[in-house]
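Only the coordinates and a few stated rules stand behind these numbers; no lab work does. What you see is a predicted model, and the numbers here were worked out from it, not measured in a lab. Positions of Cβ are generated from backbone atoms using ideal geometry, with glycine treated the same way; all protein chains shown enter the neighbour counts.
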Amino acid sequence: MADKPMPNIAFKVMSWLLNLRNRRHPPKEILQETGIKPGFRVLDYGCGPGGHSIAAAELVGEQGKIYALDIHPLAVKKIQKLASDKGLANTETICSDCATGLKSGSLDMVLLYDVFHNLSNPDDVLSELNRVLKPDGILSFSNHHMQKDEIISRVEAGGLFKLYGRSEKTYSFVRLNKGGRNGRT
């Protein structure tokens with residue numbers, strides 16, 4: 001069964017609260033610990049009001065590309081407006097509950113921030129994220145609704161990702177290739 005977007009009023013309240021949080025914890029500071037580089041192609045899965053998407057678009061620069069995906073049409077509209085207002089032509093939105101429509105192996109990084117605990121189909125989402133990541137791609141994960149052990153066990157459970165590292169606010173998972181090996185040491 002597909003996830004359904006929250007009511008518009010709930011989205012607006014959530015957006016307001018996230019904007020307050022972003023003032024205390026600027027998304028750009030969080031993203032700097034992920035290793036995003038100019039030229040990267042990044043998906044912000046469950047982008048919400050776009051704080052991380054816009055910060056990522058600035059970090060990857062004109063040669064990079066940001067895909068901001070959310071199930072809620074208001075999220076998509078908000079990101080489109082923010083990107084337009086800031087002149088960020090490297091940002092594209094996707095309105096979906098799982099499928100990205102992106103080419104297999106095309107992304108350097110996926111941001112999965114504060115949405116995993118709400119997914120009704122987390123295994124399908126992880127499978128899609130694994131599919132679109134390059135063999136050396138990184139799944140950057142953060143969810144303040146979950147404990148460390150739960151994060152690691154749930155992301156690694158399907159055998160698609162393995163914890164690669166942890167920074168102050170994010171976990172980095174590498175994509176496992178067929179046979180469960182990723183070539184990283």
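Key figures for this structure:
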read-out	value
Intensity falloff of segment 11-58 expressed as log10 I(q)/I(0), Debye formula with alpha-carbon point scatterers, at q = 0.16, 0.23, 0.25 Å⁻¹	-0.44, -0.84, -0.96
Computed helical MRE - 222 nm, the chain, DSSP H runs ≥ 4 contributing -39500 (n - 2.57), nearest 500	-11000 deg cm²/dmol
Percent RCO, i.e. relative contact order, over segment 8-180, from Cα pairs under 8 Å lying at least 6 residues apart	18 percent
Segment 29-175: radius of gyration and largest Cα-Cα distance (Dmax), Å	14.0, 41
Segment Ser127-Lys4, length gained on full extension (0.36 nm per residue, minus Cα span)	42.3 nm
Pairs from Lys65/Lys134; Lys4/Lys103; Lys77/Lys134; Lys28/Lys86; Lys28/Lys162 whose Cα-Cα separation, in the structure shown, is over 18 Å	Lys4/Lys103; Lys77/Lys134; Lys28/Lys162
Length added when fully stretched, Ser96-Lys134, from 0.36 nm per residue minus Cα-Cα	11.6 nm
Förster-model FRET efficiency, 41 Å R0, Lys81 and Lys103, C-beta, rounded to 0.05	0.95
Order of Val13, Val42, Val155 under a 10 Å beta carbon neighbour criterion, fewest first	Val13, Val155, Val42
In sequence order, calculated HN-Hα J values of segment 132-145 (Karplus, 6.51, -1.76, 1.60; Hz; x Gly/Pro)	7, 6, 5, x, 9, x, 10, 9, 8, 10, 8, 7, 6, 8
Segment 1-91 - Kirkwood radius from inverse mean 1/r over Cα pairs (Å)	13.4 Å
Most fluctuating residue given options Gln63, Gln147, Gln32, as computed from a GNM of the chain linking Cα atoms under 10 Å	Gln147
